[in-house]
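Step one of this worksheet: look at the structure below.
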Amino acid sequence: MAFYVSFWLCKAGSRKKHYCWPLFSGPTMGCGIWLLHYMVIQAHHHSHAINYNIQKTLASLLIAIVGCSLGFVCFLFKKLRGQHYLLPALLFSASAASMHYLGMAAIVNAGDMCVSTTDIILSLAVIFITSLIMLRFTHMMLVMTSRNDIYANFYRLGATLTLSSGVAIMHFLGSCQINMASIPSSAMPSSQDDYIESVITMTLTGLVALVFLLAIFIWFVNFKEHLSNELLKRELIKKNLLLKQMTQHDSLTQLPNRLYLQKHLNTLFTHQTDPLFIMFIDLDGFKRVNDVWGHAVGDELLVKISHTIKESVSNEGFVARIGGDEFITVICQKDKDVVIQLAQKLLSKIAGHYELSATTVDFISASIGISIYPEHGKDVATLLKKADVAMYYIKNRGKKNITFYDEIEMSLPS
């Protein structure tokens, strides 16, 4: 756990540019190595209690803290680190090995302690190689911090397991079969010895408690950061949806605008088999409303008429406002007579009475020009233009009527 905490502190400092955080990584890792060493020793089966020299024991803790701190300093500074992590790996492995063998020497009643030269060399090689692998994982963790936190967590876990395994293997290779010597009655521990044991016990307990407190702190920070990121993500999605709504819908009537209409028609064209009827609806007499009562009343009228058109079309088609008092209705229908009936229904509904805030309007009507896909064209611009021409054709011949685009009678403007 202490190793995981130390790597998290290194990652957090790199990500947030708080360079004081990685300074705690070294001491935390040193305490973790020291704790692991003494816990493994206590896990051995011994016939007698283990007695320690307090000076050597605390000196081994100091070596672990200082060595790991220097290792992290070299690792975080690229000029000292180099490309192959040799110097920081040497510092990590040297501090771990020195702490281990000094800690073994701190055992007062260790009996016969004989470690072969081969085991010592193997233990040093193991801790050095695992330090190199651990540093590689840590480097990848820092690289992935700004890209993907999930991969960063995997690399941090890999560094933790690598270092833990290396320290444990080094301990078992560098330890003899300790046979605690019995202490004669004349050499029973005095009150001073009891005090030394209490100091070591309190130190171990304090460091374990500190690691757990740091772990709880990290969980709290990660939870708070995750919650903040989740809220920010939801807010960003909400803003994007609102922006999409604003760019593809009319701000006054909330109907789809020309941009949305073009996308919708292009989508329909890709898999359309039945004819599409494009109705171009233009209001008759709307200019009078703006001139007499102002644009605010005109906007109020447009909102009411947009609701009328949408309710009349219902699920039979698609309604959009492309500007001013111009609306487009798209109907997918095989029967032309059904489309004519719907267009006549629209004319009847639009030519009604509208109770507005400043007045009552009862003179509004509409002219509707209709083009057909694919008969009159296969692209949006052509179909809209021909429906527009048909609409002006009927408007110039009495208004309040409908007509289909005719290639012979009607001609597109050059």
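Below is a table of values for the structure above.
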read-out: Stretchable slack from ILE121 to SER365, in nm (0.36 nm times residue separation minus alpha-carbon distance); value: 78.0 nm
read-out: Ranked list, fewest to most other Cβ atoms within 10 Å of each Cβ, for GLU355, GLU300; value: GLU355, GLU300
read-out: Computed lengthening from GLU316 to LYS233, 0.36 nm per intervening residue step minus Cα-Cα distance; value: 26.2 nm
read-out: Residues HIS353, HIS271, HIS37, HIS171, sorted so that the one with the fewest Cβ neighbours within 10 Å comes first; value: HIS271, HIS353, HIS171, HIS37
read-out: Listed pairs LYS263/LYS349; LYS263/LYS336; LYS345/LYS395; LYS244/LYS304; LYS263/LYS304 exceeding 22 Å between Cα atoms; value: LYS263/LYS349; LYS263/LYS336; LYS244/LYS304; LYS263/LYS304
read-out: CYS332, CYS68 arranged by Cβ crowding within 10 Å, fewest neighbours leading; value: CYS332, CYS68
read-out: FRET E, pair ILE129, LEU259, Förster distance 60 Å, beta-carbon r, rounded to 0.05; value: 0.45
read-out: Separation of the SER251 and VAL143 label points, Cα + 7 Å toward Cβ, nm; value: 4.8 nm
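Quick note: the coordinates plus some simple rules give every number you see, no bench work behind them. These numbers come from a predicted model, not from an experiment. Using ideal geometry, Cβ is built from the backbone for each residue, glycine included, and neighbour counts are taken over all protein chains shown.
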